[in-house]
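A.B. asks: Below you will find the structure I want to go over with you.
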Amino acid sequence: MSRARRLPSFTAIRAFEAAARCLSFKEASKELHVTPSAISHQVKTLEEFLGVTLFLRAANRIVLTRSGRKYLNELSGLLDRLDAATRQAARTDPDDDPLTILCTPGFAARWLAPNLAECPGSDRIEVTICEDRPSSDFTRNGADLVIAWGHWPAPGTIWEVLMESGTYPVCSPDYMARTGLSRLEDLCRATVLKSSNTVDFWPEWCAAAGLPDTEIRTGPTFPHCEIALTAAEQGQGIVLAWDIMARRSLAAGRLVRPFDITTTPIPVYSVVYTEARRRDPRIRVFRDWIFDVSISEGLIGQKTRLRTAS
């Protein structure tokens with residue numbers, strides 16, 4: 001005789017999961033279109049059902065308890081699988097659905113767009129651009145797969161390092177000729193272009209070059225690294241670029257490297273998708289293709305690929 005399942009209210013589950021992700025009853029209420037007091041009531045109902053405290057409530061904030069964190073980690077995977085199963089059941093032909101990929105403008109323009117035509121099923125791929133760092137919260141981002149900056153594994157999601165890169169200064173051939181850039185000391189009179197959405201790696205590069213970073217004179221700051229790199233191509237100054245973003249422009253002659261020094265490569269992009277969809281054929285085809293290209297271009301080593309994919 002089968003044992004009856006002991007399941008809490010699904011309404012309470014949804015309220016807890018949203019509040020735990022947002023760490024706010026108010027934000028959870030906006031997401032679920034109910035009042036904050038309704039969220040609080042549902043969480044209380046769930047706590048009574050489980051016999052444990054899920055949140056510590058302070059003046060204007062909530063904090064997950066150890067039991068709350070553990071329960072959230074389990075629920076995230078379960079809800080992802082339920083979402084995937086529901087979507088699968090609701091589709092008559094899942095192959096007709098587009099694969100939605102979320103990434104930054106720089107990655108889309110400098111790497112994905114030039115390569116995408118070679119991807120199997122590229123006519124069924126939709127690329128969504130995110131001005132800030134792409135969110136890996138698949139309950140909100142509307143994506144099937146994310147090309148995320150860095151490598152920040154989280155419960156319920158799979159993160160695989162896609163590309164590793166160092167940085168080096170680049171400028172247009174015209175700018176190099178006009179300013180006579182040839183020695184490290186020449187940087188002190190160069191116009192250095194920067195972006196506000198990325199970490200400033202000039203101190204690391206200067207340390208590798210043995211040059212005080214205090215001698216770097218900052219010029220215009222742009223809202224995105226893609227704009228700063230485009231400005232460098234147009235001869236407006238010199239920019240510290242990631243190799244993966246600059247290599248095509250270098251090969252085409254739009255940019256040059258005044259100096260050979262490169263910072264130590266670090267993981268800069270990861271492929272991210274949910275645990276529940278690790279066997280989704282559309283995700284597997286795209287993931288296998290993008291890693292094959294990344295490896296062929298020397299953007300990631302086989303050892304790193306095998307380690308992150310295990």
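A.B. asks: Under the definition of Cα pairs under 8 Å and six or more residues apart, what whole-number percent is the relative contact order of the chain? Let's see the in-between values first.
C.D. replies: Details: 479 pairs, mean separation 63.1, N = 310.
Across the chain, relative contact order equals 20 percent.
A.B. asks: Averaging sequence separations of C-alpha pairs under 8 Å and six or more residues apart, then dividing by the length of region 181-310, give the relative contact order as a whole percent.
C.D. replies: Here the relative contact order equals 23 percent.
A.B. asks: Looking at the chain, what % of its DSSP beta bridges pair antiparallel, to the nearest 5? Show your work: numbers first, answer last.
C.D. replies: Values: 20 of 32 bridges.
Expressed as a percentage, antiparallel bridges in the chain total about 60.
A.B. asks: Treating only the Cβ atoms of Lys and Arg (+1) and Asp and Glu (-1) as charged, compute the dipole magnitude of the chain about its Cα centre; round to the nearest 20 debye. Can you show the working numbers first?
C.D. replies: Working: 38 positive and 37 negative charges, 239 e Å.
Roughly 1140 debye, rounded to the nearest 20.
A.B. asks: Looking at (i) 129; (ii) 208; (iii) 183, which value of volume of the Cα convex hull per residue in Å³ comes from a calculation on the structure shown?
C.D. replies: (iii)
A.B. asks: Work through the residues other than ASP260 whose Cβ is under 15 Å from its Cβ and net out their charges, Lys, Arg +1 and Asp, Glu -1. Before the final figure, lay out each step's value.
C.D. replies: Working: positive: ARG183, ARG247, ARG257; negative: ASP186, ASP243.
Here the count lands on +1.
A.B. asks: Continuing with this model, one more query. What's the whole-number percent of alpha carbon pairs in region 158-250 lying beyond 17 angstrom? Write out the running numbers ahead of the final one.
C.D. replies: Numbers: 2084 of 4278 pairs.
Across region 158-250, Cα pairs with separations above 17 Å total 49 percent.
A.B. asks: Sticking with this one: Roughly how many nanometres apart are two label points built 7 Å out from the Cα toward the Cβ at GLU48 and ARG248?
C.D. replies: Placing both labels 7 Å beyond Cα along the Cβ direction yields 5.9 nm.
A.B. asks: Which whole DSSP H helices in the chain pass both tests: a Cα extent of 15 Å or more along the axis and a mean Kyte-Doolittle value no lower than 0.0?
C.D. replies: Details: long enough: 10-22 (18 Å, 0.65); 36-50 (21 Å, -0.04); 66-90 (36 Å, -0.70); 281-296 (22 Å, 0.18).
Span-like helices here: 10-22, 281-296.
A.B. asks: Separate question: What's the ranking of 104-110, 258-264 by average number of surrounding C-beta atoms within 10 Å, highest first?
C.D. replies: Values: 104-110: 21.0, 258-264: 15.4.
Peptide ranking by packing, descending: 104-110, 258-264.
A.B. asks: Which of the trypsin sites (Lys or Arg not before Pro) across region 174-236 are loop residues per DSSP, with 10 or fewer other Cβ within 10 Å? Write down the numbers at each step before the final one.
C.D. replies: Values: sites: ARG178, ARG183, ARG189, LYS194, ARG217; in loops: ARG183, ARG217.
Counting only loop positions with at most 10 other Cβ atoms within 10 Å, the trypsin sites (Lys or Arg not before Pro) in region 174-236 are ARG183.
A.B. asks: Note down the net charge around TYR175, summing +1 for each Lys or Arg and -1 for each Asp or Glu among other residues with Cβ under 12 Å from its Cβ. Display every interim value, and only then the final one.
C.D. replies: Working: positive: ARG178, ARG254; negative: ASP174, ASP186, GLU233.
Spelling it out: positives minus negatives among the neighbours equals -1.
A.B. asks: For the chain, what is the calculated [θ] at 222 nm in deg cm²/dmol (nearest 500), taking -39500 (n - 2.57) for each run of four or more DSSP H residues and dividing by its residue count?
C.D. replies: Values: 10 runs with 119 residues, N = 310.
Helix contribution divided over all residues of the chain: -12000 deg cm²/dmol.
A.B. asks: Among SER182, THR100, PRO155, pick out the residue whose Cα is farthest towards the positive end of the charge dipole of the chain, where Lys and Arg carry +1 and Asp and Glu carry -1 on C-beta, about the Cα centre.
C.D. replies: Result: PRO155, furthest along the dipole toward the positive end.
A.B. asks: Which stretch or stretches of region 17-59 have amide N atoms under 15 Å from the point lying 7 Å from LYS70's Cα along the Cα→Cβ direction?
C.D. replies: 50-55, by backbone N distance to the label point.
A.B. asks: May I ask which residue of ILE266, ALA251, LEU23 lies farthest towards the positive end of the charge dipole of the chain, with charges of +1 (Lys, Arg) and -1 (Asp, Glu) on Cβ and the Cα centre as origin?
C.D. replies: LEU23
A.B. asks: Could I ask something else about it? What dipole magnitude, in Debye to the nearest 20, does region 1-148 give about its Cα centre under +1 on Lys/Arg Cβ and -1 on Asp/Glu Cβ?
C.D. replies: Numbers: 20 positive and 19 negative charges, 220 e Å.
Taking the Cα centre of region 1-148 as origin, the dipole is about 1060 debye.
Bear in mind that the values in this text are calculations on the coordinates, not laboratory data. Here the structure is a predicted model, which means the values were calculated and not measured. Because the Cβ atoms are built from the backbone with ideal geometry, glycine has one as well, and the counts that use them run over all protein chains shown.
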